Amino acid sequence: MESVTAFAPATVANLGPGFDVLGLALAAPGDTVTATRTGAPGVRITAVEGDGGVLPLEAERNTAGIAAIATLARAGVTGIGVELIVRKGLPIGSGLGSSAASAAAAACAVNLLVGSPLRKSELVGPCLEAEAAVSGRHADNVAPALLGGLILVRSVDPIDIVRVPLPDGLAIAVVTPAFELETRTARAVLPTHVPLADLVRNTANIGAMISACHSGDLGLLGRCVTDRVVAPARAALVPGAPEVIAAALDRGALGASISGAGPSVFALCRSQRSARESAGAMVEAFAAAGLAATYTISEVDCPGARQI
Ligand code: HSE
């Protein structure tokens, strides 16, 4: 193959209690990367589209480039030349796993370009390197962006990831206010020590959430979407977040919390219709806090990175 184009979706990380541990792939939006073989050895990014000109073109500073380089290294492929074109479908700094989607799409495209020497799960490491370079060493966006569905990251050193089944019919609403919040900034406000009582609550909610995903107990699943540790520390960074979450719950959402590092807020819902209703209420609540917002509705058991 001389050229491969791959897509990788947006992801909602944390899902309430699972900081750096849980992440879920959406159907859309996402990022697209085209990888093309060239004569001169090395990885080059020839264009980044849809980013408003803010992302670096240097491969070593862009998550798509870093993931591409790391994928070739992991596969033991040397001496070839690859050019990348990155098309951003995801807003940057939105809490939707923008850097992870670029990395996952690039890793997927480059792996296919060189004959698929690596399994998709083996691309998590290269993408984690990319994520670590720009936002922090966490795989709760890159793993679902690559593999789809709901993923639990048991460990990043060594990488140990677990697929979690999802109840039928579940839908998710994600509302994104019109401002950018860098993941680095949102991680800088986090506490270095956690009260034992909060650790107990979060641990219990993660465990019960995984059980609810297996049993299909939607009420239990919804009750588990709370976070005593990370979301409270970030509340000041996302104006109106408590009201937006309350608005979703008032409209019948099963549970709601900040998506990843924010500022997007997600709501898990029983149906697409319920998700649309919650999304409308969440957009209004952001408006009341002085923020314009857009929303997306998605099923929850969506595929990860793939050739298009
Ligand atoms: N788990 C990460 C965080 C996700 O909350 O910082 C970032 O998208």
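A short reminder: the numbers here are calculations on the coordinates, not readings from a lab. The structure displayed is predicted, hence computed values, not measured ones. We place every Cβ from the backbone using ideal geometry, glycine too, and count neighbours over all the protein chains shown.
Counting other C-beta atoms within 10 Å, and keeping those with at most 14, which DSSP coil trypsin sites (Lys or Arg not before Pro) do you find in the stretch 203-299?
Details: sites: Arg223, Arg228, Arg234, Arg251, Arg270, Arg273, Arg276; in loops: Arg228, Arg251, Arg270.
Loop-located and lightly packed - none at all.
Please work out the C-alpha center-to-center distance from the stretch 107-139 to the stretch 205-222 and express it in whole Å.
30 Å
Measure of size requested: the Rg and Dmax of the stretch 184-230, with Cα atoms as the atom set and Å as the unit; please supply both.
12.9, 37
So how strong a dipole does the stretch 3-164 carry about its Cα centre when Lys and Arg Cβ are +1 and Asp and Glu Cβ are -1, to the nearest 20 debye? Walk me through the intermediate numbers first.
Values: 11 positive and 13 negative charges, 65 e Å.
Its charge dipole is roughly 320 debye.
Taking H placed 1.01 Å from N in the peptide plane, check which residues at least 5 places from Val82 or on another chain put their amide H under 5 Å from its amide H.
For Val82, the qualifying residues are Thr38, Gly42, Val43, Arg44.
Could you tell me the relative contact order of the stretch 171-299? Use alpha-carbon pairs under 8 Å, at least six residues apart, and round to a whole percent.
Relative contact order comes out at 39 percent.
Please identify the DSSP H helices in the chain that span no less than 20 Å along the helix axis (Cα) and have a mean Kyte-Doolittle hydropathy of 0.0 or more.
What comes out of the filter, once short or polar helices are dropped, is 98-113, 196-215.
Considering the stretch 171-299, what Rg and Dmax in Å follow from its alpha-carbon atoms?
14.5, 40
Give me the base-10 log of I(q)/I(0) for the stretch 3-164 at each q in 0.18, 0.20 Å⁻¹, Debye formula, one uniform scatterer per Cα, rounded to two decimals.
The computed values of log10 I(q)/I(0) come out as -0.98, -1.20.
What order, most packed first, do the peptides 297-305, 208-216 have when packing is the mean number of other Cβ atoms within 10 Å of each residue?
Details: 297-305: 20.8, 208-216: 17.0.
Top of the packing list down: 297-305, 208-216.
Output the Cα-based Rg and Dmax of the chain in Å, rounding Rg to one decimal and Dmax to a whole number.
For the chain, the Cα radius of gyration and maximum Cα-Cα distance read 18.6, 58 Å.
Just the C-alpha atoms of the stretch 99-143: what Rg/Rh do they give, with Rh taken as the Kirkwood radius?
Value, to two decimals: 0.97.
Of the listed peptides 101-108, 39-46, what is their order by residue-averaged count of other C-beta atoms within 10 Å, with the highest listed first?
Packing proxy ranking, top to bottom: 101-108, 39-46.
Counting other Cβ atoms within 10 Å of each Cβ, which trypsin sites (Lys or Arg not before Pro) in the stretch 85-174 have at most 15 and sit in a DSSP loop?
Filter output for the stretch 85-174: Arg119, Arg137.
Report D for the stretch 10-58 in µm² per second (integer): Stokes-Einstein, Kirkwood Rh on Cα pairs, 10 °C, 1.306 mPa s.
For these conditions, the coefficient is 113 µm²/s.
Quick one: dipole size for the chain, taken about the Cα centre, charges +1 on Lys/Arg Cβ and -1 on Asp/Glu Cβ, in debye to the nearest 20.
It works out to roughly 240 debye.
Would you calculate the separation in nanometres between label points at Arg273 and Leu57, each defined as 7 Å from the Cα along the Cα-to-beta-carbon direction?
5.1 nm
As I understand it, the dipole of the stretch 244-308 uses +1 on the Cβ of Lys and Arg and -1 on the Cβ of Asp and Glu, about the Cα centre. Which of Gly260, Ile245, Ser271 lies farthest toward its positive end?
Checking the options against the dipole of the stretch 244-308, the answer is Ser271.
How far apart, in nm, are the 7 Å Cα→Cβ label points at Ala132 and Val229?
My value for the distance between the label points is 2.0 nm.
In a solvent-free Debye calculation with one equal scatterer on each Cα, what is log10 I(q)/I(0) for the stretch 102-213 at q = 0.11 Å⁻¹, listed in the order of the q values?
At q = 0.11 Å⁻¹ the computed log10 ratios are -0.48.
With a 10 Å cut-off between alpha carbons and a GNM built on the chain, which of Leu96, Leu170, Leu196 moves the most?
Evaluated over the chain, the most mobile residue of the options is Leu196.
Nearest-5 percent of antiparallel DSSP beta bridges in the chain?
85 percent
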